[in-house]
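S.K.: Below: one structure in structure tokens.
Taken together, the values in this text are just the output of simple stated rules run on the coordinates, not laboratory data. It should be emphasised that the depicted structure is a prediction, and the values quoted were computed from it without experimental measurement. Glycine gets a Cβ as well: all are built from the backbone with ideal geometry, and neighbour counts include every protein chain shown.
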Amino acid sequence: MENLIKKLKTKGERFPKKHGEWYRLKVYEDNYLIYDTWNRDIYHHKGCVSSGVGNMYGVVYTFSGYVGKVKKDMVNFWLGHL
């Protein structure tokens, strides 16, 4: 999991959030991975439009197209697509 997190942080686009940061990376076609530094979870999204930062905190709250949380047994699959 650490290898995938490292790639997401180095290759991904950084977004501010209230607690921590998001890193968004387009993996293939319309599939994205989102890394949340606050809870250290990685999420799979299709589409993945951000909520924007036009709010009182100037942060991204969420992304559209949520599919599910990336589990440890899928790390090699995702690494193979980066």
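S.K.: Diagonalise the Cα gyration tensor of the stretch 2-80 and give the resulting equivalent ellipsoid semi-axes, square root of 5 times each eigenvalue, largest first, whole Å.
M.R.: 21, 13, 10
S.K.: I would also like to ask the following. Students often check this: by mean Cβ neighbours within 10 Å, which of 33-45, 51-63 ranks highest, and how do the rest follow?
M.R.: Averaged packing, sorted descending, gives the order 33-45, 51-63.
S.K.: Near the amide H of Val67, under 5 Å away, which other amide H atoms are found, from residues 5 or more places off or on another chain, if H is placed in the peptide plane?
M.R.: His44, His45, Lys46
S.K.: Compute the angle between helix 2-11 and the longest alpha-carbon principal axis of the chain, please, reported from 0 to 90 degrees and rounded to the nearest 10.
M.R.: Computed tilt is about 50 degrees.
S.K.: Neighbouring Cβ atoms within 10 Å as the yardstick, rank Leu82, Leu8 fewest first.
M.R.: The order, fewest Cβ neighbours first, is Leu82, Leu8.
S.K.: Of Gly58, Tyr43, Met1, which is farthest towards the positive pole of the chain's charge dipole, taken about the Cα centre with +1 and -1 on the beta-carbons of Lys, Arg and Asp, Glu respectively?
M.R.: Value: Met1.
S.K.: Under the 0.36 nm per residue contour assumption, what length would be gained going from the current alpha-carbon distance of Val75 and Lys11 to full extension?
M.R.: Additional length available on full extension: 21.4 nm.
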